[in-house]
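These notes are about the structure you will find just below.
The values are calculated or read from the model by the stated rules, or taken from the named source; none is laboratory data. What you see is a predicted model; the values in this text were computed from it and never measured. All Cβ positions, glycine included, derive from the backbone under ideal geometry; neighbour counts span all protein chains shown. Note: accessible area is taken over every heavy atom of the protein model, side chains too, but ligands, DNA and RNA are not part of it. Shrake-Rupley method; radii C 1.70, N 1.55, O 1.52, S 1.80 Å.
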Amino acid sequence: MYNAKGTQAYAQVGVESAVMSASPYQLVTMLFDGARSALIRARIFIQQGSIAEKGKSLSMAINIIDSGLKAGLSRDKGDPELVDNLEALYSYMVRRLLHANLHNDQEAITEVLALLENIADAWRQIGPNHHPSQDQYNGSTSVSG
């Protein structure tokens, strides 16, 4: 009924609208979600042998981590030591994803997914609408791996 370009354009408008109306907290949450989605797709593409699509997905995840999450860190508004640690961790993630891209290493992608999810969980817990009763795993913040 609708062609693919029309559907993609509609989806792009939806994403742009969500970004324009999001708070800074929501924008960071969207970055975590986008990186997670790209990494999951990359893993699937490796399994399917779709090398070009894997590369695009990993490039998207790397861009989100490096140009979004890492670039958004601010020493002025936070603990400088925490910012340094996050900056180093994001750099490590990018190196692991570059390795994953070169070697089709699903374990490296899984490692980065777990690291990102730990940070995203902490981010959600400091969010403006978080209540401890919303925690998964009945209050535990650990992620099994």
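Highest mean packing first, where packing is the average number of other Cβ atoms within 10 Å per residue, the peptides 76-82, 106-112 line up as 106-112, 76-82.
Roughly to the nearest percent, how much of the accessible area of segment 23-126 is carbon and sulfur, given a 1.4 Å probe?
Using a 1.4 Å probe with all protein chains present, segment 23-126 comes out at 55 percent carbon and sulfur.
Amide H contacts for Ala22 (H built 1.01 Å from N in the peptide plane; partners 5 or more residues away or on another chain; cut-off under 5 Å): none found.
Our note on the geometry: Cα centres of segment 104-120 and segment 54-81, 14 Å apart. For the peptides 119-126, 47-54, residues were scored by their other Cβ atoms within 10 Å and the scores averaged per peptide; the highest-first order is 119-126, 47-54. Count Lys and Arg as plus one, Asp and Glu as minus one, and take only other residues whose Cβ is under 15 Å from that of Glu53; the net charge is then +4.
Accessible area per residue for segment 56-97 in Å², computed with a 1.4 Å probe and the full protein assembly in place, what is it? List each step's numbers first, then the result.
Working: 2460 Å² over 42 residues.
In whole numbers, segment 56-97 has 59 Å² accessible per residue.
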